[in-house]
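Below: the structure, in structure tokens.
Here, each number is a calculation from the coordinates, and none is a lab measurement. Just so it is clear, the structure is predicted and the values come from calculations on it, not from any experiment. Backbone-built Cβ (ideal geometry, glycine too); neighbour counts: all protein chains shown.
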Amino acid sequence: MSLIPDVSIDLYRAVTGFAASTPDWVRSLVEFGTDAGLFVFGAFFLVLFWRARDRAPLTLATALAVPLAVVGGYAVSEALKLVLQEERPCRAVAGAAAITHCPEVGDWSFPSNHATLAAGSAFALAFVWRRTAWWLLPLAVLMAGSRVFLGVHYPHDVLAGFLLGALLAPALVALVVRVLAPVLARRLQSRPRTSPAS
């Protein structure tokens, strides 16, 4: 007996059926954007670090904590996939209209790593740099939704991955900052001071 909710299968069929009816350029744009968005988040990580590079240890620790928290969320997502081992809908749903290639066998479906990374990145950045929320939260929603559009995830995979990233990343940022800030402070204090040239 399948453990996949019927509503998720029905919604998957509806979304992929719609996706198959869209013009080629729309499908190509979504396929490009599903991964390109990760580079946008990466660029924000670099900007955050650049802004913090010469500031107090707490600020620097916060900038470093954001990508570390996202990696932590991804690791939890991947561990869940290995335990739950839900088959991809592009193989499990008869007549599935996947736009992109179906990931290989053993690359499990639940939860969506893309959704976890997108939500984790957006929420972690918004947690420490609130103005980015206006740009990055909609991007995270689009990236997560693209996984169903492309036919490689069920809607419940994406929803679970999104919630996992959204809830876990800010908590991990706070945890990493608590650990990292004192370490950076000690390192900066122990750094030898150079005397001005005479």
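Quote the charge dipole size of the stretch 6-186 about the Cα centre in Debye, to the nearest 20; the model charges only the Cβ of Lys and Arg (+1) and of Asp and Glu (-1).
I would put it at about 880 debye.
Let me test this: with uniform point scatterers at the alpha carbons of the chain, what is the Debye-based log₁₀ I(q)/I(0) at q = 0.11, 0.13 1/Å?
Values, matching the q order: -0.56, -0.72.
When a footprinting reagent is the concern and you count Cβ atoms within 10 Å, what order do THR100, THR62 take, fewest first?
THR100, THR62
Among rounded, prolate and oblate, which fits the stretch 1-113 when a ≥ b ≥ c are the square roots of the eigenvalues of its C-alpha gyration tensor, a/c under 1.5 means rounded, and a/b larger than b/c means prolate?
Note, shape of the stretch 1-113 comes out oblate.
Helix-only estimate, please: 222 nm mean residue ellipticity of the chain, summing -39500 (n - 2.57) across DSSP H runs of length 4 or more and dividing by its residues, to the nearest 500.
Mean residue ellipticity, 222 nm, calculated: -25500 deg cm²/dmol.
Sorted by average packing, counted as other Cβ atoms within 10 angstrom per residue and highest first, what order do 156-169, 74-87 take?
156-169, 74-87
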